[in-house]
Structures are given as structure tokens and as C-alpha cells.
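Worksheet for the structure shown next.
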Amino acid sequence: MILVYVVITMIIVSRVFRNKLAPVETRSGMIMELPPYHKAHWKHIIKEAFFKAWDIFKRALGTVTLVSVLFYVFSFSRDGNVDHSLLYRVGTFIEPVTRFFGMGWQTFMAFVSGAFAKEAVLGTLNAVFTGNNSLMEAAFFAKTAKADTAMLGAAMTAVISPAEALAFMFATTFNIPCLMALSTTYKESHSLKWTAKVAVFYICNALILSCVVYHVARLFM
């Protein structure tokens, strides 16, 4: 089902943006220009690879630092209980709205964290449902954290309905891939306007899809 919608999304995006990205007067046949063949210059390849890796590292470090501070502020509580954090207050405050899109405050916060990094989703769910880790640790060390998956599954099953779980899967799949992807979009397009349009499209598409999936799934689940 998700794969089918991927194809549908590709068709929709091509219809909506083709006139702006590729105006009719600029269209031409596909031209492929192959570079002249020569022996590989390993010194040049290693040098270019190093500079590209260093550029990605600098941008990733800045993104992770910013997100780490934000997550720490929102998830901090004196006793370490997420229910006493600002994250909980904000989440429960906006839950009447997020419920319309098929997500409770826990799954919606995981949806938001997924926009920063997809690896953060599982860790965020572990933090808000089991309270074993701080949200910052769960978000950025989810790969190495020893989460009790059985406990997490039981906690989520008791709170999340099958319809909400399905809606959350669709929302997370079609959400913004990560902040690094957006920064690459800006670097390639040199346009803050186009980068914002891409981000808004991802978010709106994910939320509309999760809303439709949730309300349809409720009829059968």
C-alpha cells in the first residue's frame, strides 16, 4: 500500500511542479555528456572525498547540535519523568488537533522528531512510552540504546489503536527525510523559498495522508 502511494505521489509531484521546475520553452531531449576517459587520479579522488566528507560533517554537526539543545529543553524535568516535561505539556495541549490527523501526542512527537532524523523515531517512542531514557538520549543514541522492545511494544499496544499505528506509519514514511536532506536541497537550489516549499509539501502530504488513512482504517479496525 505504501509503495503504491509512493508512485502516486511521484505522479502528483511531477504534475504540480513540472511547469516551474522545467518550463515548456526550456525542455529538450535528454542529453547525456560523458566525460573523457582517463586513468583515475587517486590523489585527486581522495582529496575530493575528504573535502566532501568534511563539508557534510560540519553541516551535520551544526544540525545535531541545534536539535540536541531543542530536545533537551523540551524533554527536561527535575525528576526525569517525561510527564513532567514541557514536551508533555505541549503535546497534550495540541493533541485535540493532532488527533484529527490520526496521532496522539506521543506518536505526533515521534513524527516531529522524525523530521530531524529518522533514527530518532524509535528512541522518542521509547522515551515517551517507557520513560527509560531522556528524549535527547533516545533521539540521538537510539542505535546503541538497549531499549526493552517487549516493554515498549506492550506500552504502545495499550495506548495506540491499530488505526493510529497505521496512520503513524504512513505519516513517518512520507515526512521530511531529515534536516540534512533539506540542507542539501538548499545547497543545490540556492533558494530558501524552494527549500521551504519542499518542507511544507512533505509535511502537508504526510499529515493529509495520515488523516485519510486513520479515518478510513477506523471503519475496518
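Using the structure shown, select from K20/K58; K118/K187; K118/K197; K47/K118; K20/K118; K20/K197 the pairs with a Cα to Cα distance greater than 24 angstrom.
The answer is K20/K58; K47/K118; K20/K118.
Give the calculated FRET efficiency between M10 and A196 to the nearest 0.05, with a Förster radius of 22 Å applied to their Cβ-Cβ distance.
0.55
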Which loop trypsin sites (Lys or Arg not before Pro) in the range 71-111, with loop taken from DSSP, have no more than 12 other Cβ atoms within 10 angstrom of their Cβ? R78
Note down the accessible area of H38, probe 1.4 Å, to the nearest 10 Å². 110
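The values are calculated or read from the model by the stated rules, or taken from the named source; none is laboratory data. None of these values were measured; they are calculated from a predicted model. Virtual Cβ from ideal backbone geometry, glycine too; neighbours counted across all protein chains shown. Side chains included, ligands, DNA and RNA excluded: accessible areas come from the protein's heavy atoms. Shrake-Rupley method; radii C 1.70, N 1.55, O 1.52, S 1.80 Å.
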